[in-house]
Each structure stands twice: as structure tokens, then as C-alpha cells.
Amino acid sequence: MSEQATLSRRTLLKASALAGGGLVLTASIPMVARAATAAAGGPAEATLNAFVSIAPDNTITIVGKNPEIGQGIKTMLPMLIADELDADWNQVRVTQAESDAARFGPQLAGGSFATPMNWMPMRQVGAATRQMMLAAAAQRWGVDAKGLKTELGKVIEVSSGRSATYGELASDAAKLSPPDPATVTLKDPKAFHIIGRAIGGVDSPRVVKGEPIFGVDTQLPGMVYAAFERSHVFGAKLKSANLDAVKAEPGVIDAFVIEGNGNAEQLVDGVAILSNNWWLANKAREKLTIEWDNGPWGDHSSQRYDETARAAMASGKPQEPIVSHGDVDAAFASAAKVLDQEYFYPFLAHVPMEPQNCTALMHDDGAIEFWAPTQNPQAGQGSVAQMLGITPDKVRLHITRMGGGFGRRLTNDFMHQAAAIAQKVPGTPVQLIWSREDDVRSDFYRPAGWHRLRAAIDADGKLTGFDDHFVTFSLPGAGAYNPAAMAPDIFPAKYVPNLRYAQTQMETRVPMGALRAPSSNALAYVMQSFLDEVAVETGKDLPTLLLEMIDGREKEPDERGFMGVSPGFNPDRMRGVITKAMAMANWGKPVADGHALGFGFYFSHMGYFAEVVEASLSDRKQVQVHNVWAAGDVGSHIINPFGALNQVEGSIIDGIGQAMGLAVQIENGGAKQSNFHDYQLPRMPITPKIHTEFVITDNAPTGMGEPALPPVIPALTNALFKLTGKRVRSLPIDTKLFA
Amino acid sequence: MTYRVNINGEVRELDVPEDMPLLWALRNELGMVGTKFGCGKALCGACTVHVDGVAQRSCSLPVGSIGADSKVTTIEALEKTEIGRALQQAWLEEDVMQCGYCQAGQLMNASALLARNPKPSASQIDSAMAGNICRCACYTRIRDAIAVVAEKGTANV
Ligand code: FES
Ligand code: FES
């Protein structure tokens, strides 16, 4: 097995009595990064904590520490503990932790990190708790623990058959000192009875009854609602607003100007309107007249970006290198055939189903309390504290269930807005709600991107040279975090002898952020489409070309990982999913008349996915997707098959939806789109049949939220090429191409 | 203006402007937050309720337009009907949801569909549910769960 996070000897287990009797076990787990990671400047360490309590009534409560956005983490992490504890899943309750770095360690929903980080530590916590149950029973019965076994929340003496429930033993166990976690024995995976079982979401029974569970469902005594008007032009400053006219509107309690701090990730200028009913507050915006200073940003547009990018690509002179090896120029000079094409993908919005919202209460002593749907709560606490000039311990944050995240809620601008508004009405809880229009127009978008790709093919039909001039964006002043950056090792970087990636950056003020499978959601399309062009040119199909490229190649060494959980790229795992997907889809065999298959592979977020799309065109030349076959390798176990399949299916439909119709265009310095009529998400009728299989390999399990999305986009566009001979080099797919 | 609206079998008084959408009367006046806000423009179905058994988008239904004799049903009362209970059960057994935010609207629309057409075909399910967006794209499972209830009928619930 590859390296992975495990409990170290410095892990602290603490047993204490639960109020009213019972056991609380607290595990404080230092996550030590491998020396190589730390030396490379990676994070040196962090602490993961876990809390398990067993009450005398035999209820086992496990604290779910990470934010739940629909990825299933609130169900999955407790499953790991419960299985090793040998609990009955029916006796397990899960409660949501508050945001508290000191008590819970990192609490983040992002990057598909939670599975690899927690797989071993949570199991070890469960196993340690089980060992304490055995010890408590041995002590009570005056026998050797060796003669005892556990089963579904009970300790049983094998010889006599007598038994005690965990609840009965919990108070005794609270008096014992916990075992050294590094020495506890883990189960033989064959004995797993919860891991690998399809288990429904722990909150689902409440959701189907419409119980208040999401951020926007928060209700507090005396709470008022806030609407927030901001400029459609990114970077604009507020000069004046007719507040008096707005205050005279029905139901309006107050209206005031919020002065931003120039950082869109925190607080932009705007006007807040308060009412006892959000609809009234929002309606009063119609009466607002605000004078804005757009600065230099008011004439930015997608068209202008496109012209600038095309000119840069035509110049052949990128601003800066990303990576290069071999002799690229020589490869092209001696090529028998050169392909030279431009690809484009647009800005995308996240549009989680629950519009952005945040409830905040400024207490009289200057402390602030939040009920916030945020994927990144600790970062929000820190930056709000900084903005308000208070210490982080004065910021209390209740993490709510979220109606989707997709990366949008990694940025906490809504928290800063709610804080700035709550600050004006201390003692009154304020719920800020954005309209869908606010959400579409004030996103942190997946950046648009342009690639000029060239391939050199020699007389033997071998791909000898590869050149990518990537045109992307930079934000002025900022530390140039580019959420769609191109890493130097993006496939096929290490698999073409002469290769160069280089880039040009254009300045923008359009806010940019991570969208599910950041970078990969765009680069998979570009690279796997262009490699399909190479395959066609050399008379083979894409999976054959990919398999040839990795033929005989060894696993790459682990380079930089996140807390030691990022194993290097393994061509064997790539081969495994490619051959699996080919077999599942009957690749190479005839398909229905007027249908075609397309292929895509991608490696992202530690997961390997190969996907085949079966598509056709309707009489009106609309794209129809009939079937998708997906083969994924995310390691040795599919912890919760329910959640895993749901993520694969959702990712695939998400990707198809992006390809078929999603784009945000910039016009006059702001987003042109505003709601679901012009940002048209996929709906049930376009949903294909999805066939998913996992290739099980001897690697630690990794996350499912992202890696199934990227390959479906090129699989679709490659199928359309097969069908029509027309190559989709610009997203979303313009069906006029097939007319 | 005060309106009297029958919601889940109880007559509720609403002192709101006549053009206030039912959604915001439910959520902010009555504290019934099971009905969800998704778009505010009748584009997503998150806010679906029944008015006299017919699925309606409450974000675009002014309180003043609801007849005095009309009966509004929200997700909070879904479990009072056989179809509602069967759908809730199927939703859990099929593990339909990811984030769950759209599901109140999906369930209300699905229950209206099965009430008027207990055995919908696959394409009837697709077109009846096309108005409900699920950003998490749980469509394969929503489809399957409705088909399961249609197949089994609701007699045993
Ligand atoms: S909120 Fe009513 S249809 Fe979207
Ligand atoms: S389950 Fe998330 S929007 Fe439908």
C-alpha cells in the first residue's frame, strides 16, 4: 500500500465520563507530513481530532467535523469509526461540529482530501474505542480480554456466551486509560460490516420532511432579513445612493451603505436593506439608484479577452514558461506532420442550489456569532476577525448543512457581508440572503482559458513534440492565485519526449475561484480532445494512443503531497481503468445507427477515471447522450457505495451540462447571465444511463467529489467528432457546427 | 391586507401585500422553511407546493391570488398522504439525494405527478420532472425512485 496518513505515537487519546454516565473518547491526532513534503515547503503538520461518545442508553454519538455540502462526508467519516468499533450502525448518531480549529483540526470541504486524510486515523480511533470496551468487560467479569469478542455494539464472552452492551460498559470504560493508538489492531478488511455497505445519508430522513437544516433555514428570535445590492461591474466603487427613497418602501426597517475593503473575496461596496421579510427587502432594491465609479473596469468584456488571447496565441510568444524538456523546436522542424489548433473554454459559475446566505449576530461585547453555510469555515473566522479587528476566538461559527458547494463556498464573501451588516445592528440577528441573480453575477468564476496546441508527428506516426501556449488571467496586485493554473506535470507532460507548456496572463478584475475539479475540469477537455486529434491523424483511437504513451512506464515517485497523502501518478492504474472502460462499453464494436462512442481519461484529485460516451444528434441537430460508461480507480475500498455512485453520476451529468450549454460571458465589466433561463443547468430529460464500475487496487482510498467529472467532457466532444467529423474546439458546444 | 389561507389543513392569517409570493409568506411570515428558494423566477422548482393538489411554484404565486377555498400543501405535510410516504421511503431507500436542497421541490412535484398519473412511463417521468433542477444532478436516482413507487403502488405504505 502506498503511504498514507496514520495515527502516530504522538496521538493523544483521552477518555472521560459523559455527563449522565458513559464514555467520551477524544482523539487528538497529529498528521505528520513526510519529510519530503515538509522539505519542499509543504505543510509540516496539522492535527485531526475525533470525538466518540457512548451513552448508557447504548447510543453512540460521533461528531462529524467537516462541512456537509452533499458529498456525504457526514455519513462516511463516522462509518469508518463505527466499523472498527464493531458498532451497530443503527445505534450511531452523528452531530455536526462547530468550526473550531483547536478542537477539531482542519475542517474543510474541498479538494477531495477528506477520504485519504481520514481513512486510517478514523479507523484507528474506532479500534481503540473497541479495545476499551473489551478491557472494561474483562475487568467487570474478572476474565482475560483474550476470551472476549465484539459484535454489533456488544462484548461477548466466547466460552459462556454472556454479553454486555457498549452502553452498559461505557461508564467503566471512562475510568480506564486508553490504549496506545499505534498498537491497536485493525480489522481484517474481510470483516468490515459497515465500510463497503451502501448507507443512506444521516440527514436524509430530515430532508425529506422539510425540516430546517440548511443555512438559509436558520431562524433566531428577533431576526431580520437583509438584501444586498452591489455593482454589476467588478471592482466598482460606490459614490452615492438614494437611501431615503428606499427607507420609505413598505416593510423596510433600515437601509445603509456598506463600504467595502477593496477585496472581492471579503467585502465589496454596496447597499444593505433590512426588513422582517426578505422579499420586501429585496423588492425595495428596485427603488435604489446608486452612482458607481467603475474605474478602469467598466469596459471589460469576453470579446475583448478573446481578441487579446487570440493575438497572443498568434504571436507565438508566451510570456513565461511552465515546463519544457527535450528539443521541442527540433521535433517540429523534423516533423512529417504538424497539428496546430486553438481551444477555448468559458467562465463558469457554480450556482449551488441554495443561494448564498449567512446569518450573523453581533453581540454587545463585540463578539460575533455566525450560522454559515461555508465549505471553509476556519478561513472565514480568521478573515472576519481581521476585518472587524477582533481576535479569532471572538468569532463563533455554527456550520450548517449546505445546499451544494462545488467550490463556491470556499470563498467567504457572504460572511464578511453579513458581518458588516450585523455590525450596524448589534444585538439583532441578521440573515443575509442573495437572490439567484446576485449569485450568478457575484461568483468567483472558473476562469476562461485559451490554448494553442501544436503536435509534431514523425514519419512513423509517433508523437514526438507537444507545445501548449496557454492564455489565462491574473488579478492585479493579488498573489496571483490562479484557480485554473496549469501544473507542469499535467498529462501528457512526462509522456512526450519533447514538450513545452508556456503561458500568457491577461489582467482582469473578474473574480475567479475553484470549481469542482479545478484546472482538471478544463484541461481534461483540451488535452484529451487534442490527443484524440493526434490519434485520428495517426490512424488509431484515443485509448490505444494513451496506452502506447504509457507503455513500459513506471510509477512516478511521490513528490509533493498534502499531509503525506498524495501518491505519485501510476500508469498501471491508468491502464487499469482504460481497459476496464473499453470492455464495459464494448469499445471498437459496432454501435446503433447514427450513434458514436467517444473516449476520455483523466487523473485528478488522486483518482483515475476513464469514461466512454455514446452520443447522437437529434433531427434538429441537438446533442443527445444515451449512455456513459465510467471506470474509476480510487483505491482499495469504496467506503460508501451509495455516496460514491451518487458522486460519479452527479459529476458526469455536471460535466455533460457544462459542455452542452454553460458559459458566463463578461459584458461591460460584469456577468451577462443572471438566472437559470440564461445559465441553463442540465435537467432530467438530458440525463443518460450511467454505468459505473470501480477497479479495486491495493491503494489507500481517495476522494470521490471531483475526479469523475473531467473526462466526460472530452469523451462527449470526441464522440461528436466520430459522429460528424466536426471537432469541438470551443465550449460550450455550438450545435451550429453540425448544421 | 390580511389573507386567510388554508395551509396543510389549517387556516393561517397572513398580513402581507397581495403580491408577496407564497414562498416568502411561508418562509418569513410563518417560519415554514421546508419550501425552498432557488431562483425566484419559476425556473427551478425548488419552491414547489400543491394548490388543490396541483404542483405550483410558490416563488411566483402571489398570496393575493390564492382563493379562499383553495388548499395549499407543503413539504411539511407530504407525509400525510400515502403517495407522499411512499415517495419519502423510496427517496431514502434509493439514497436519492446529495445536498438535498432541491428535494422538497422534487418530492412535491413527484407526488403531484403520481396523484394524477399513478403509472407514468419513463418519458412521462422525465417530462413531468423537467422543471425541477437538481444542481447535484441526482436525476438518475430521482427517476428511479419515482419508478419504484409507480411500480409498487402505494398500497402497503
Ligand atoms: S424558486 Fe421558485 S421555481 Fe425556483
Ligand atoms: S440534491 Fe443538491 S440540488 Fe438536488
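Couple of notes before you dig in:
- Within the range B:28-47, being crowded, with 24+ Cβ neighbours inside 10 Å and within 11 Å of ligand 1 (Cβ to nearest atom) holds for B:35, B:36, B:37, B:38, B:39, B:44, B:45, B:46, B:47.
- Of residues in the range B:97-114 being within 8 Å of the chain's Cα centre (by Cα) and over 12 Å from residue B:133 (Cβ atoms), the one farthest from the other protein chains (Cβ to nearest Cβ): B:112
- Listed conditions (1) at pLDDT 95 or above; (2) away from ligand 1 (no atom under 16 Å from the Cβ); (3) in a loop (DSSP other than H, G, I, E, B) are all met by residue B:155, apart from (1).
- Those residues of the range A:271-286 which are surrounded by fewer than 23 Cβ atoms within 10 Å (Cβ to Cβ) and free of Cβ contacts under 8 Å to residues at least 24 places away in the same chain, in sequence order: A:286
- Considering residues of the range A:683-723 that are surrounded by 21 or more Cβ atoms within 10 Å (Cβ to Cβ) and of a type in the set (D, E, K, R) only, the residue nearest to the other protein chains (Cβ to nearest Cβ): A:683
- Among the criteria (1) assigned to a helix (DSSP H, G or I); (2) over 12 Å from residue A:290 (Cα atoms), the one residue A:246 does not fulfil is (2).
- The range A:141-157, residues that are in a helix (DSSP H, G or I) and crowded, with 16+ Cβ neighbours inside 10 Å: A:141, A:145
- Pairing residues of the range B:37-54 that are more than 11 Å from chain A (Cβ to nearest Cβ) with residues that are more than 12 Å from ligand 2 (Cβ to nearest atom) and assigned to a loop (DSSP other than H, G, I, E, B), at Cβ distances under 7 Å and at least 6 apart in sequence or on separate chains, gives B:47/B:35; B:47/B:37; B:51/B:66; B:51/B:70; B:52/B:70.
- Test: residue in the range A:75-96 that is touching a residue at least 12 places away in the same chain (Cβ under 8 Å), farther than 20 Å from residue A:134 by Cα and within 16 Å of ligand 2 (Cβ to nearest atom): yes
- For residue B:112: the one exception among (1) over 21 Å from residue A:649 (Cβ atoms); (2) more than 16 Å from ligand 1 (Cβ to nearest atom): (2)
- Scanning the range A:158-181 for any residue that is more than 15 Å from residue A:58 (Cβ to Cβ), free of Cβ contacts under 8 Å to residues at least 40 places away in the same chain and not in a loop (DSSP other than H, G, I, E, B) turns up nothing.
- At least 2 residues being outside the structural domain of residue B:135 (by TED's automatic domain parsing), more than 16 Å from ligand 2 (Cβ to nearest atom) and under 30 Å from residue B:140 (Cα atoms) is the threshold, and among the strands (runs of 3 or more DSSP E) wholly inside the range B:8-103 those reaching it are B:48-51, B:54-57, B:71-73.
- Boolean, residue A:603 is out of contact with any His (no Cβ under 8 Å at 6 or more places or on another chain), within 16 Å of residue A:697 (Cα to Cα), away from chain B (no Cβ under 14 Å) and among the aromatic types (Phe, Trp, Tyr): yes
- Among the candidates A:283, A:237, A:209, A:247, residue that is farther than 30 Å from residue B:93 by Cα and within 10 Å of chain B (Cβ to nearest Cβ): A:283
- Inter-residue pairs, beta-carbon under 8 Å, first at negative phi and at pLDDT 95 or above and in the range A:720-739, second surrounded by fewer than 17 Cβ atoms within 10 Å (Cβ to Cβ) and among the hydrophobic types (A, V, I, L, M, F, W, C), 6+ apart: A:720/A:738; A:724/A:737; A:724/A:738; A:726/A:737; A:726/A:738; A:728/A:737
- Members of the range A:69-100 that are buried (at least 24 other Cβ atoms within 10 Å of the Cβ), assigned to a loop (DSSP other than H, G, I, E, B) and modelled with pLDDT of 95 or more: A:86, A:87
- Summed over the range B:87-109, the residues that are more than 16 Å from ligand 1 (Cβ to nearest atom) and either surrounded by 24 or more Cβ atoms within 10 Å (Cβ to Cβ) or within 12 Å of residue A:209 (Cα to Cα) (or both) give a count of 9.
- Selected residue (only one of B:76, B:82 is on the phi < 0 side of the Ramachandran plot, away from chain A (no Cβ under 11 Å) and modelled with pLDDT of 95 or more): B:82
- Against the test of being assigned to a loop (DSSP other than H, G, I, E, B) and more than 14 Å from every other protein chain (Cβ to nearest Cβ), the options A:312, A:360, A:335 yield a single qualifying residue, A:335.
- Considering the range A:218-234, and only residues there that are within 12 Å of another protein chain (Cβ to nearest Cβ) and of a type outside the set (A, V, I, L, M, F, W, C), the residue that is surrounded by the fewest Cβ atoms within 10 Å (Cβ to Cβ) turns out to be A:221.
- Qualifying residue in the range A:422-437 (condition: within 16 Å of ligand 2 (Cβ to nearest atom) and more than 18 Å from the chain's Cα centre (by Cα)): yes
- Of the set (1) within 16 Å of ligand 1 (Cβ to nearest atom); (2) β-branched (Val, Ile, Thr); (3) within 7 Å of another protein chain (Cβ to nearest Cβ), all apply to residue B:140 but (1).
The values are calculated or read from the model by the stated rules, or taken from the named source; none is laboratory data. Source: prediction; values computed, not measured. Neighbour counts run over all protein chains shown; Cβ positions are idealised from the backbone, glycine included.
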